[in-house]
């Protein structure tokens with residue numbers, strides 16, 4: 001399922017319109033969104049998910065504008081991993097991950113054995129099975145982050161919108177989550193994620209969108225976008241560039 | 001949660017709750033100034049038995065027991081709903097100032113020397129007024145968030161509290177006991193059990209298919225929206241429903257405290273946090289608690305009757321503190 005934007009201007013309060021986005025995110029692609037704090041990465045992701053209206057232009061999923069989608073039908077195709085979550089209300093890991101099946105169940109339906117199996121597979125994939133009966137509020141930040149990824153995995157989306165999916169994760173689980181998202185793309189889903197780690201972007205993303213604080217933006221295949229001069233301007237930070245195992249590596253000077 | 005052993009546990013839960021409900025109601029009709037033996041209760045249920053017992057059970061105790069059961073159920077369900085709405089397990093049905101509005105209405109009617117029917121009507125009007133006031137003010141010009149709703153409710157409740165104190169200070173001494181009983185919650189104001197019973201049954205039917213969507217909402221509005229929930233209409237619906245349930249309960253029995261706070265919380269500790277289980281379980285457990293509390297209130301210092309709110313608070317405060325102390329939240 002293709003996610004497209006047509007002259008999209010996201011509504012970041014107090015900022016000029018900047019450049020309108022004309023993106024075409026196809027199945028099999030992994031897009032990384034890079035930019036400094038406050039550049040509008042999260043706002044863009046929420047706009048792509050139809051959770052907030054754009055200032056201008058449209059977002060199209062499967063050639064249909066988002067406002068025309070029924071909320072439930074949209075949730076069957078598109079999952080969001082949020083950067084900020086409300087884990088205050090008590091629920092176990094299993095209960096939390098199972099709500100990923102909500103868009104697929106009618107009000108009177110209970111989760112079936114198949115739904116339960118999906119949730120368990122997601123827990124297994126994220127090393128959460130031993131924690132299945134723990135309250136989410138008692139978990140560490142990294143464990144909660146994995147619960148959020150497992151929830152989205154249980155939702156079986158065609159399009160993933162992930163806001164800093166590697167937040168709080170240790171190195172092993174950073175790689176595990178990036179591998180999972182990459183595998184999702186190879187299985188024919190589209191993935192868009194906001195990232196702060198240039199090295200993860202260089203290794204796992206095939207397309208990049210650079211968002212500048214003033215609303216300027218540029219996008220394209222990763223190889224064309226990872227230009228040190230452009231990245232230094234993006235972050236207002238000097239960079240050292242190296243190469244390890246054929247992948248470019250960026251270190252702040 | 002589904003699964004074979006979870007299913008068995010839930011069947012057991014329902015069995016225990018339903019048996020306990022029947023037992024609580026049976027105790028409430030059997031115990032009192034004149035204790036009726038179990039065999040005599042059965043006789044009356046079969047349409048036989050002594051005329052005195054018939055009068056006592058069917059005309060006096062049964063309606064009061066039913067009213068207490070339904071009121072307890074309403075408060076517990078309303079509490080569970082408010083807790084999901086505000087994403088705060090420590091919210092209760094009165095947290096948004098609804099009981100204050102009802103109390104001002106009831107006390108005003110009492111001060112004017114109106115009859116019981118008008119006191120109830122006035123309490124209901126006060127509760128609705130408070131609901132609309134909080135809802136309108138929280139809506140305001142900005143966005144509608146649970147935090148804003150909570151703050152508005154707490155401030156409005158403080159305002160009602162001041163008005164109540166003022167009315168008590170200005171009241172003639174002979175009216176004070178009745179007013180204080182009303183403020184603490186008292187089943188003897190319940191005239192007919194049917195308004196709370198019917199409200200409770202309708203609310204449960206309405207909420208049965210809504211359990212899972214409430215589970216999703218408890219994860220936060222953005223996550224809920226991403227899972228296909230129309231968040232704003234749902235939040236308004238919960239608020240209005242919880243307010244109506246509380247208004248009917250307050251109108252029936254005055255402001256009985258702690259049922260709406262303690263019952264859902266205890267159930268969560270035992271049954272987990274699936275609203276599909278918690279909401280109907282709260283209806284039964286709240287009913288059991290208030291029925292038993294009212295039976296105690298009638299009998300501990302008989303022939304004196306205590307306000308049932310005192311009993312629920314005396315039971316509720318230590319239980320709640322204990323649970324809070326033990327819980328991992």
If you go through region B:77-126, how many residues are more than 14 Å from chain A (Cβ to nearest Cβ), under 30 Å from residue B:269 (Cβ atoms) and in a loop (DSSP other than H, G, I, E, B)?
6
Name every residue in region B:178-231 that is out of contact with any helix residue (DSSP H, G or I) (no Cβ under 6 Å at 6 or more places or on another chain), within 14 Å of another protein chain (Cβ to nearest Cβ) and more than 24 Å from residue B:280 (Cα to Cα), in order of residue number.
B:222, B:223, B:226
Please tell me if residue B:225 is in contact (Cβ under 8 Å) with a residue 60 or more places away in the chain and either assigned to a helix (DSSP H, G or I) or under 29 Å from residue A:152 (Cα atoms) (or both).
no
Residue hits (region B:58-97; in contact with a helix residue (DSSP H, G or I) (Cβ under 8 Å, 6 or more places away or on another chain), surrounded by fewer than 24 Cβ atoms within 10 Å (Cβ to Cβ) and over 19 Å from residue B:235 (Cβ atoms)) are B:58, B:61, B:62, B:64, B:66
Which of the residues that make up region A:140-173 are in contact with a helix residue (DSSP H, G or I) (Cβ under 7 Å, 6 or more places away or on another chain) and farther than 21 Å from residue A:118 by Cβ?
A:142, A:163, A:166, A:167, A:168, A:169, A:170
Residue A:52 passes all but one of the listed conditions (1) modelled with pLDDT under 95; (2) within 20 Å of the chain's Cα centre (by Cα); (3) crowded, with 21+ Cβ neighbours inside 10 Å; (4) over 29 Å from residue A:199 (Cα atoms); the exception is number (3)
Quick check on my filter: what residues within region A:145-170 are assigned to a helix (DSSP H, G or I) and either within 14 Å of residue A:78 (Cβ to Cβ) or within 12 Å of chain B (Cβ to nearest Cβ) (or both)?
A:147, A:148, A:151, A:152, A:153, A:154
Within region A:82-133, tally of residues that are within 19 Å of residue B:230 (Cβ to Cβ), more than 7 Å from chain B (Cβ to nearest Cβ) and within 19 Å of the chain's Cα centre (by Cα)
2
Out of (1) crowded, with 24+ Cβ neighbours inside 10 Å; (2) away from every other protein chain (no Cβ under 14 Å); (3) at pLDDT 90 or above, the odd one out for residue B:256 is which?
(3)
For residue A:71, indicate whether it is under 17 Å from residue A:157 (Cα atoms) and without any contact (Cβ under 8 Å) to a residue 24 or more places away in the chain.
yes
Out of region A:207-234, which residues are surrounded by fewer than 17 Cβ atoms within 10 Å (Cβ to Cβ), assigned to a helix (DSSP H, G or I) and within 21 Å of the chain's Cα centre (by Cα)?
A:223
Could we say that residue A:111 is free of Cβ contacts under 8 Å to residues at least 12 places away in the same chain and buried (at least 19 other Cβ atoms within 10 Å of the Cβ) here?
no
Selection status of residue B:263, farther than 30 Å from residue B:9 by Cβ and assigned to a helix (DSSP H, G or I):
no
What about residue A:40, is it at positive phi and either surrounded by fewer than 18 Cβ atoms within 10 Å (Cβ to Cβ) or away from chain B (no Cβ under 14 Å) (or both)?
yes
Qualifying positions in region A:54-80 - in contact with a helix residue (DSSP H, G or I) (Cβ under 6 Å, 6 or more places away or on another chain) and away from chain B (no Cβ under 13 Å):
A:54, A:59
Given the residues A:45, A:51, which is the only one that is more than 25 Å from residue B:268 (Cα to Cα) and within 7 Å of chain B (Cβ to nearest Cβ)?
A:51
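The values are calculated or read from the model by the stated rules, or taken from the named source; none is laboratory data. Remember, predicted model here, so these are calculated numbers, not experimental data. Glycine also receives a Cβ, built like all others from the backbone with ideal geometry; neighbour counts cover every protein chain displayed.
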